[in-house]
Amino acid sequence: MMMGELRTLSSSGLHGVLINALTLALTARPQDKMPGRYTLQGDSVFMNVMEFATQLPQQKKAELHEQYIDIQLLLSGEERIQFGVAGSARQCEEQHIEDDYQLCSEIEGLQQLDLTPGMYAIFMPGEPHKPGCVVTKVEEIKKVVVKVHISLLSA
């Protein structure tokens with residue numbers, strides 16, 4: 001897991017592929033888009049714009065992916081993301097290979113971070129994360145999740 005703020009993106013030390021994916025998403029102005037999936041670079045880089053109410057962590061399951069890196073960028077509101085290191089997901093359901101996700105009920109060695117608008121969190125394949133959790137109270141948030149195919153890091 002990596003995290004940062006957009007205002008320091010140029011000095012973040014992130015791989016160029018990840019900086020480029022965030023730049024493509026920002027250029028598409030997700031804050032002005034309706035919820036949905038938007039292609040940025042074919043199936044290799046796309047974004048999901050979302051608007052929803054945060055929930056208590058007990059009401060949610062963690063997710064993990066195998067083929068795509070998740071860049072979770074908060075546009076409005078406050079959001080807590082619970083997460084763990086690769087291999088820490090427990091009590092996992094069947095993997096949905098075509099949609100690249102698996103849901104899990106528990107994260108061993110649970111960590112958490114709070115995002116405010118302009119902050120991002122990056123989860124590599126295999127790193128469980130539970131986004132959309134309440135920080136202090138249930139509230140509506142808007143965010144964009146940029147999906148980057150893992151093969152781009154080795155291209």
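Residue count for segment 1-27 satisfying the condition of being in a helix (DSSP H, G or I) and open to solvent by 70 Å² or more (accessible area, probe 1.4 Å): 5. Just to be sure before I move on: is Glu78 at pLDDT 95 or above, of a type in the set (Asp, Glu) and either under 19 Å from Cys133 (Cβ atoms) or out of contact with any Ser or Thr (no Cβ under 6 Å at 6 or more places or on another chain) (or both) in the structure I sent? Judged against the criteria, Glu78 is a match. Among the residues of segment 49-59, those identified as surrounded by 16 or more Cβ atoms within 10 Å (Cβ to Cβ) and either of a type in the set (D, E, K, R) or not in a helix (DSSP H, G or I) (or both) are Val49, Met50, Thr54.
Within segment 93-107, the set of residues being surrounded by fewer than 16 Cβ atoms within 10 Å (Cβ to Cβ) and either farther than 13 Å from Lys60 by Cα or of a type in the set (S, T, N, Q) (or both) comprises Glu93, Glu94, Gln95, His96, Ile97, Glu98, Asp99, Ser105.
The values are calculated or read from the model by the stated rules, or taken from the named source; none is laboratory data. Given the structure is predicted, the values throughout are model-derived calculations rather than measurements. As a convention, Cβ positions derive from the backbone with ideal geometry for all residues, glycine included, and neighbour counts pool all protein chains shown. Heads up: the accessible areas ignore ligands, DNA and RNA and are worked out on the full protein's heavy atoms, side chains in. Shrake-Rupley method; radii C 1.70, N 1.55, O 1.52, S 1.80 Å.
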